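Single-structure report; data block below.
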Amino acid sequence: MKIRKLTASFGKLEHESLSFHEGLNVIYAPNESGKSTWCAFIQAMLYGVDTSQRAKAGVLPDKLRYAPWSGAPMEGTMELTADRCDITITRSSRAKNAPMRDFTATYTGTNTPVEGLNESNAGEMLTGVSRDVFRRTAFIGQGAVAVTGSPELEKRISAIVSTGEEQTSYTEADERLRAWQRKRRFNRRGQLPELEGRMDEAQRRLDEMESSLAEQQRLEAELEQTRQSCAQLEQQVMDSRRRQRQDALEKLNSGRGELRQVSAEHDASMAALSQAREALRNSSFGERDPGELGEEIQRDLSQLRRLSRQPKSGPLLLFMLLSFVLAAVLAGFYTVNDLLPLIIGAGVFCLAALVMLLIWSRMNHQRQAADAERHALLKKYHAASSRDIKAAWEHYQALWAAAGEAEEHEEACRRAFEQQQLKQNTLEENAIQELDFSIGDTEAARLGRSLAAARSKAERLSARIAALSGRLSTLGDPLILSSSLGVMREEYEQLQGEFDALALAIDTLRQADREIQSRFSPQLGKLAASYMAAVTGGRYEDVLINRDFTARTRTKDDVVAREAEYLSAGTLDLLYLAVRLAVCELALPDGEPCPLILDDVLVNLDEERFGQAMELLKRVSRDRQVILFTCRQ
């Protein structure tokens, strides 16, 4: 098979074309120009797009990764030559969830379909191998030059070195045998562990039956003793409760009598206080504060005393009359004798009389005002004199003192009543607690708790006996259970024999696989060594390949072959490229070989080894088409 031309709407490729010729095709392009996309497109055209893949962390399935960036449907054509016929295959998409599902294969330049070539078998019919084998041999993706084993590749190798039948794979046969073995036993699962569990369960049930019968008899004896203890405790509880009720009632009655007495005393004190306050309200001064009232009364008494000390107007009036008489006598003398001195004297006496008249008038006015103020003060206290006011004040003080004593007596009686009431409440609470026989530390409470504990124990014993009876009934007949256990033991011996036979078959198959590998690996290693020598200038001359296609290599100077981990990145790529080419030559079908697709597999090589690798690819391209995508010129 040889690829002639590709036309793709795939990923970043939008209706782009690429042509190839026989031999070595080197497609140079810088990074991110679509080289890996072209490689993925070739695989998709041959084998289709796997729509069952799901997105994983950091990895997209091909149906999403290579969806056309333009939003157009994923589609493309491949023109190729196979069996000396030019064929054009086309894949297109009707739905986004089924990319490149529509398939046609016609002879190039015609509309004649290629018989037997369809969407599912196109790749295998054209290349001669399945997708799995193609990806592990002729298709070398970027960063995936190493070969990995698979059942499909094993079938292919087994067919080469044995009968030619490609339906047998050591991995599949080994997995099938191990699956049968796991069906019988795998850690704690499988038929054998399940049967062991059933046998253990049957033996446990037999043991449980025996122990349950003994436990039931012991519990029945204990239950009888507990019931007798309950009967004795019931009588003791009844007697204790009766005595405790009598004591509680006697305490309550005594407290109630004392409470009635202090209540009567308090009522009497309240009546006396009410009478004292009523007498105080009916007094001359009402219920005024004695301190403030006493100060006011003292001020008023002092004012009354001051008003009582006003001067008398009698002497002044007598002096004034004498002055007028003398003035008249002197006036008479004036008229009789016409004497000047007498005239002057009469004038002086007359003037003095006028002054005295004015003074008397003022004093009389003051005396009247004092009398009015004194009268008002006496009227304020409803008294006739200061003596009456003092008597009323002394009486008020006596009433105030009596009211205070009555109030103090009432307060003392009230406190006594409240204390007795609290005492009575305490007595009632204690009585309630004493009559609640489920709490407290009284004899009745202790006996009641003992009785409740004994009854609870009897109920638990009864429940346990009933549970044991029910359990014994569900465990079944001991004879039938013993017979079933014997049958399970026989089945266990048979399954254990099968398990041992499978283990022997797995070991035998492993030895057979080693024999096949011993026949294939040397041939594969020899061919890979020739390729390795070609790309390293003869430095590495020996390649050792393990069953899983991991490889080791050795130089002329090495005593022991080097593991892959100890090789440089470039040497490691060359080693696995040599292994790939050897696997392609030995594992792929004879006849018209399928193309070798390489995606940037030489990026880690220096110029010298790059040239040697290119010479090797030119040599390989004489027998099969080689398509190399690279970013190196």
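The table for this structure:
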read-out	value
Some residue of segment 307-317 being modelled with pLDDT under 65, surrounded by 12 or more Cβ atoms within 10 Å (Cβ to Cβ) and in a helix (DSSP H, G or I)	yes
Index of the failed condition, Met100 passing every other in (1) open to solvent by 20 Å² or more (accessible area, probe 1.4 Å); (2) in a loop (DSSP other than H, G, I, E, B)	(1)
Checking Asp83 against (1) exposed (fewer than 15 other Cβ atoms within 10 Å of the Cβ); (2) among the charged types (D, E, K, R); (3) closer than 21 Å to Ser130 by Cβ; (4) modelled with pLDDT of 90 or more, the condition it does not meet	(4)
Test set (1) touching a residue at least 12 places away in the same chain (Cβ under 8 Å); (2) open to solvent by 40 Å² or more (accessible area, probe 1.4 Å); (3) of a type outside the set (A, V, I, L, M, F, W, C); (4) farther than 30 Å from Val603 by Cβ - Thr88 fails condition number	(2)
Filter result for the condition that a residue is in contact with a Ser or Thr (Cβ under 7 Å, 6 or more places away or on another chain), without any contact (Cβ under 8 Å) to a residue 24 or more places away in the chain, closer than 20 Å to Leu80 by Cβ and not aromatic (Phe, Trp, Tyr), over His15, His21	His15
Failed item in (1) surrounded by 16 or more Cβ atoms within 10 Å (Cβ to Cβ); (2) over 57 Å from the mean Cα position of the chain (by Cα), with Arg619 passing the rest	(1)
Residues within segment 259-282 that are surrounded by fewer than 17 Cβ atoms within 10 Å (Cβ to Cβ) and over 16 Å from Glu418 (Cβ atoms), tallied	9
Test: Leu575 is open to solvent by less than 30 Å² (accessible area, probe 1.4 Å) and under 60 Å from the mean Cα position of the chain (by Cα)	yes
Count of segment 578-606 residues which are of a type in the set (A, V, I, L, M, F, W, C) and surrounded by fewer than 17 Cβ atoms within 10 Å (Cβ to Cβ)	1
Pick from segment 1-56, criterion assigned to a strand (DSSP E or B) and aliphatic (A, V, I, L, M), ranking: farthest from the chain's Cα centre (by Cα)	Leu24
Which numbered condition Met614 misses (of (1) of a type in the set (A, V, I, L, M); (2) more than 24 Å from Ser130 (Cβ to Cβ); (3) modelled with pLDDT under 80)	(3)
Number of the exception - Thr90 against (1) in a helix (DSSP H, G or I); (2) of a type in the set (Ser, Thr, Tyr); (3) at pLDDT 80 or above	(1)
In segment 57-73, the residues that are in a loop (DSSP other than H, G, I, E, B), in contact (Cβ under 8 Å) with a residue 24 or more places away in the chain and either touching a helix residue (DSSP H, G or I) at 6+ places or on another chain (Cβ under 6 Å) or closer than 23 Å to Asp132 by Cα (or both)	Tyr66, Ala67
Residues of segment 459-475 classified as small (Gly, Ala, Ser) and farther than 14 Å from Leu213 by Cβ, total	3
Count of residues meeting criterion [in a helix (DSSP H, G or I) and under 14 Å from Leu293 (Cβ atoms)] in segment 372-402	13
Positions within segment 414-466 being among the β-branched types (Val, Ile, Thr) and either surrounded by fewer than 16 Cβ atoms within 10 Å (Cβ to Cβ) or modelled with pLDDT under 80 (or both), in sequence order	Thr426, Ile432, Ile439, Thr442
Meets criteria (touching a residue at least 60 places away in the same chain (Cβ under 8 Å) and more than 18 Å from Thr77 (Cβ to Cβ)) for Ala29	yes
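The values are calculated or read from the model by the stated rules, or taken from the named source; none is laboratory data. Here the structure is a predicted model, which means the values were calculated and not measured. All Cβ positions, glycine included, derive from the backbone under ideal geometry; neighbour counts span all protein chains shown. For the accessible areas, the whole protein counts, side chains as well, though only heavy atoms, and no ligand, DNA or RNA atoms are used. Shrake-Rupley method; radii C 1.70, N 1.55, O 1.52, S 1.80 Å.
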